[in-house]
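A.B. asks: One structure, as structure tokens, below. Some questions next.
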Amino acid sequence: MIIITGSVMTNAANRAEIKRLCIEHSQRSRAEPGCIAHNVHADCETPDKLVFVELWSDGNAVRTHFGVPESGAFVKRIGELSAAPTTIQIYRAEEVPASALAS
């Protein structure tokens, strides 16, 4: 599984447009093959910060997602609107049952 996290900073002038774009992007992405989850959340400690959490089946699904023209247009527009540099982190992961870590 591939886990992607990222963030974008809003402000009073751009918050509504950024939220609209982020929700639209997440909804579109969830329909793509290999997308397990794709959501945007508000950071409770930094209200102007929106955080993405994405789960993808594998690297091929992520490469395909990054190649979708709408994804590229989204990244470009969010970069223009964000009040600070956007972030992205990509991880390879395997699920570990909580019981396997219990004492």
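A.B. asks: Can you tell me how many residues in segment 85-103 are farther than 17 Å from Val40 by Cα and either in contact (Cβ under 8 Å) with a residue 40 or more places away in the chain or surrounded by 10 or more Cβ atoms within 10 Å (Cβ to Cβ) (or both)?
C.D. replies: Count: 5.
A.B. asks: Further question on the same structure: Which residues, taken from segment 42-68, are in a helix (DSSP H, G or I) and either in contact with an Asp or Glu (Cβ under 9 Å, 6 or more places away or on another chain) or at pLDDT below 95 (or both)?
C.D. replies: Ala61, Val62, Thr64, His65
A.B. asks: Now for a different question. Just to be sure I understand, how many residues within segment 49-84 are free of Cβ contacts under 8 Å to residues at least 24 places away in the same chain and among the aromatic types (Phe, Trp, Tyr)?
C.D. replies: Qualifying residue count, segment 49-84: 1.
A.B. asks: Another question, if that's okay. Is it true that some residue in segment 69-86 is closer than 20 Å to Ile3 by Cα, part of a strand (DSSP E or B) and under 12 Å from the mean Cα position of the chain (by Cα)?
C.D. replies: no
The values are calculated or read from the model by the stated rules, or taken from the named source; none is laboratory data. The structure presented is a predicted model; accordingly, all values stated were derived computationally and were not measured. Glycine gets a Cβ as well: all are built from the backbone with ideal geometry, and neighbour counts include every protein chain shown.
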